[in-house]
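Student: One structure is given below, represented as structure tokens, and several questions about it will come after.
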Amino acid sequence: MKRIFLDFLRNRSQRARQVPLLVRGARQTGKSHIIRQYGSLDFAHLAEVNLELSPHFKECFKSLNAATMCRDIEVLSNTKLVDGKSLLFIDEIQESSEAILSLRAFKEQRPGLDVVAAGSLLEFALDDEALRTFPVGRINFAWLHPMSFREFINAFGETQIAAILSSCSITNQNLSTQISAAIHQKLLDLIREYYVIGGMPEVVDVYHETKSYLEVKQVQSRLSLGYVADFIKYRARYDHRKLQTILSAVPRLVGKQFKFSQVDTEVRARDLKQPLMDLEKAGLVRLVRATSANGVPLASEEREGKFKVQFLDIGLMLNMLGLNLGALPIDDALFANEGSLAEQFVGQELLANESPDSPPQLYYWHREAKGAEAEVDFVLAVDGLVIPIEVKAGSTGSLRSLRMFMKEKNSKLAIRISQQPLSYHEGILSVPFYLCGEIPRLARELAI
């Protein structure tokens, strides 16, 4: 299946290729598969070193000398390492602190060799005292998320519909001619299907082969249990049960202002805070942080301690909630769980369509004022402009908070995401769910 991340790898400049790249993201998002594709397409030789499946390779990195490391890897992998013609792929790099530190040696001593590494739960490994000299500044980072909606429909051969999404333009005044009513409805039906299946590559593959929701659920359950098993490896750090408690609670708390008391009334908030932060670092949970949103960067006005949460993937979230949307009409599916699924989808799409080298960040706006409290689901920075985004799961709904934001911040553009077709009126761009991935481009068309 075609992933945007592959284009990112292939389109890096020659200068960027001289700096080792560390690909981050939760397990099973497809990191290894895409890097192998990159190696087979752009290089004569691919040397893959998996430190979890082949732990004997760890010895290759102990010298931290590029020449020695390359010699040993060539012998053990029976693969040449030639500058400009070979890709060295170090998978599951979190299994060896020496391998992580070796990235600096490759940058300084062998910059002509393209080195890409990948790791899951990497932040746990970085707590190792041996990594106090972690080579920040001498390596590049990229993040891989679950498949976007566009990647999802492409995987099922809907290439013509996918092309329509990228060709929609708000500058065309006759918007109704861009997406007919029939295509609009088909895209909404595909959105419901994405809700159920999600963007985890293995799950998408299984559904593509079997068209069975039952087999989809079985794979989703296995993946969820696998994440819990991963945490048990790190039980020496603290009680891994707290990680499991939060992981199980997040799907039902999406879209709500997060309070630790909602997770478990028997556990103190201070005992749950660090596990939550680690789940975010591992990519299984995303925090949507509150910001005053008076300008960019949005992080500069982040409101400490006030945030919402999102889960890694909407399909896994649905499975953990035990919801069955397969036969529901699109209206009911979008509004299921009080609209939290719709909000999860939008946040997931915003991240999936960010540049892979941008650290994953989501923000929202919440105003606390007696008699005038308001909240906007997301705020997005596009070319220096702060754009409020309101998600409306149902076919109707008030835009009071959105208009309040526009008035207070003197915003010229706001976005409503709903089931309604693409339209623009009085500064509000109405975007159907299936065009969420096109929001930055559409916003630029209007704002520039």
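The values are calculated or read from the model by the stated rules, or taken from the named source; none is laboratory data. Treat the numbers as computed from the prediction; the structure is a model and nothing was measured. Positions of Cβ are backbone-derived with ideal geometry, glycine not excepted, and every protein chain shown enters the neighbour counts. All accessible areas refer to the heavy atoms of the entire protein, side chains included, with ligands and DNA or RNA removed. Shrake-Rupley method; radii C 1.70, N 1.55, O 1.52, S 1.80 Å.
Student: For the stretch 403-420, what are the residues that are out of contact with any Pro (no Cβ under 6 Å at 6 or more places or on another chain) and either among the aliphatic types (A, V, I, L, M) or assigned to a loop (DSSP other than H, G, I, E, B) (or both)?
Tutor: Restricting attention to the stretch 403-420, the residues satisfying the condition of being out of contact with any Pro (no Cβ under 6 Å at 6 or more places or on another chain) are 403-404, 406-413, 415-420.
Scanning the stretch 403-420 gives 404, 406, 410, 411, 412, 413, 415, 417, 419, 420.
Student: Out of (1) more than 30 Å from residue 222 (Cβ to Cβ); (2) outside any loop (DSSP other than H, G, I, E, B); (3) modelled with pLDDT under 90, the odd one out for residue 387 is which?
Tutor: With respect to (1) more than 30 Å from residue 222 (Cβ to Cβ); (2) outside any loop (DSSP other than H, G, I, E, B); (3) modelled with pLDDT under 90, residue 387 is out only on (3).
Student: Any chance you could count how many residues in the stretch 353-379 are charged (D, E, K, R) and in a strand (DSSP E or B)? Steps first, answer last, please.
Tutor: Of the stretch 353-379, the ones charged (D, E, K, R) are 354, 357, 367-368, 370, 373, 375, 377.
From the residues that got through so far, the ones that are in a strand (DSSP E or B) too are 367, 375.
So the answer is 2.
Student: Would you mind stating whether residue 322 is open to solvent by 30 Å² or more (accessible area, probe 1.4 Å) and not basic (Lys, Arg)? If you could, list the steps in order and put the result at the bottom.
Tutor: Numbers: open to solvent by 30 Å² or more (accessible area, probe 1.4 Å): yes; not basic (Lys, Arg): yes.
Taking the combined requirement at face value, the residue satisfies it.
Student: What is the one condition in (1) modelled with pLDDT under 90; (2) more than 19 Å from residue 347 (Cβ to Cβ); (3) in contact with a Ser or Thr (Cβ under 9 Å, 6 or more places away or on another chain) that residue 201 does not satisfy?
Tutor: (1)
Student: Would you confirm, using the coordinates I've provided, whether residue 250 is touching a residue at least 40 places away in the same chain (Cβ under 8 Å) and open to solvent by less than 10 Å² (accessible area, probe 1.4 Å)?
Tutor: So residue 250 fits the description; yes.
Student: With respect to the numbered conditions (1) touching a residue at least 60 places away in the same chain (Cβ under 8 Å); (2) open to solvent by less than 10 Å² (accessible area, probe 1.4 Å), which one is the sole condition not fulfilled by residue 33?
Tutor: Against the list (1) touching a residue at least 60 places away in the same chain (Cβ under 8 Å); (2) open to solvent by less than 10 Å² (accessible area, probe 1.4 Å), residue 33 comes up short only on (2).
Student: Okay, next question. So, in the stretch 404-440, of the ones that are closer than 20 Å to residue 381 by Cβ and out of contact with any helix residue (DSSP H, G or I) (no Cβ under 8 Å at 6 or more places or on another chain), which residue ends up surrounded by the fewest Cβ atoms within 10 Å (Cβ to Cβ)?
Tutor: That would be 410.
Student: Picking from 63, 120, 102, which residue would you name as being in contact with a Ser or Thr (Cβ under 9 Å, 6 or more places away or on another chain), among the small types (Gly, Ala, Ser) and free of Cβ contacts under 8 Å to residues at least 24 places away in the same chain? Break it down into steps so the answer makes sense when it comes.
Tutor: Values: 120 fails: free of Cβ contacts under 8 Å to residues at least 24 places away in the same chain; 102 fails: free of Cβ contacts under 8 Å to residues at least 24 places away in the same chain.
Result of the check over 63, 120, 102: 63.
Student: Could you list, in sequence order, the residues of the stretch 44-98 that are under 18 Å from residue 118 (Cβ atoms) and of a type in the set (S, T, N, Q)?
Tutor: Those that are under 18 Å from residue 118 (Cβ atoms) and of a type in the set (S, T, N, Q): 50, 54, 77, 79, 86, 94, 96, 97.
Student: For the stretch 36-71, enumerate the residues that are part of a loop (DSSP other than H, G, I, E, B), aliphatic (A, V, I, L, M) and closer than 20 Å to residue 97 by Cα.
Tutor: Going residue by residue through the stretch 36-71, those that are part of a loop (DSSP other than H, G, I, E, B) are 43-44, 51-54, 62-65.
Keeping just the survivors that are aliphatic (A, V, I, L, M) gives 44, 51, 53, 64.
Once the filter is applied, which keeps residues that are part of a loop (DSSP other than H, G, I, E, B), aliphatic (A, V, I, L, M) and closer than 20 Å to residue 97 by Cα, the stretch 36-71 yields 51, 53, 64.
Student: Can you tell me which residue among 142, 163, 182 is at pLDDT 85 or above and under 25 Å from residue 312 (Cβ atoms)?
Tutor: Only one candidate passes the filter, namely 142.
Student: For residue 117, state whether it is in a helix (DSSP H, G or I) and either modelled with pLDDT of 95 or more or over 15 Å from the mean Cα position of the chain (by Cα) (or both).
Tutor: Numbers: in a helix (DSSP H, G or I): no; either modelled with pLDDT of 95 or more or over 15 Å from the mean Cα position of the chain (by Cα) (or both): yes.
Here the answer is no, as residue 117 does not meet what is asked.
Student: Of all residues in the stretch 383-392, which are open to solvent by 10 Å² or more (accessible area, probe 1.4 Å) and aliphatic (A, V, I, L, M)?
Tutor: Narrowing the stretch 383-392 to residues open to solvent by 10 Å² or more (accessible area, probe 1.4 Å): 383-386, 390-392.
Hits for the stretch 383-392 are 385, 386, 391.
Student: Would you tally the residues in the stretch 77-102 being assigned to a helix (DSSP H, G or I) and surrounded by fewer than 24 Cβ atoms within 10 Å (Cβ to Cβ)? Can you show your working first?
Tutor: Of all residues in the stretch 77-102, those assigned to a helix (DSSP H, G or I) come to 77, 93-95, 97-102.
So of that shortlist, the ones also surrounded by fewer than 24 Cβ atoms within 10 Å (Cβ to Cβ) come out as 77, 94-95, 97-98, 101.
The number of residues fulfilling the criteria is 6.
Student: Still on this structure: Among the residues of the stretch 378-402, how many are charged (D, E, K, R) and more than 21 Å from residue 362 (Cα to Cα)?
Tutor: Narrowing the stretch 378-402 to residues charged (D, E, K, R): 383, 390, 392, 400.
Adding the requirement that they be more than 21 Å from residue 362 (Cα to Cα) leaves 400.
The total comes to 1.
Student: Here are some residues: 243, 272. Which one is modelled with pLDDT of 85 or more and of a type in the set (A, V, I, L, M)?
Tutor: 272
Student: Out of (1) within 29 Å of residue 229 (Cβ to Cβ); (2) modelled with pLDDT of 95 or more; (3) in a helix (DSSP H, G or I), what's the single condition that is false for residue 74?
Tutor: Unmet condition: (1).
Student: For the stretch 135-227, give me every one of the helices (runs of 4 or more DSSP H) that falls completely inside it and has 3 or more residues that are among the basic types (Lys, Arg) and open to solvent by 30 Å² or more (accessible area, probe 1.4 Å). Write out each step before concluding.
Tutor: Numbers: elements: 149-155, 159-167, 181-197, 201-210.
Passing ranges: none, list empty.
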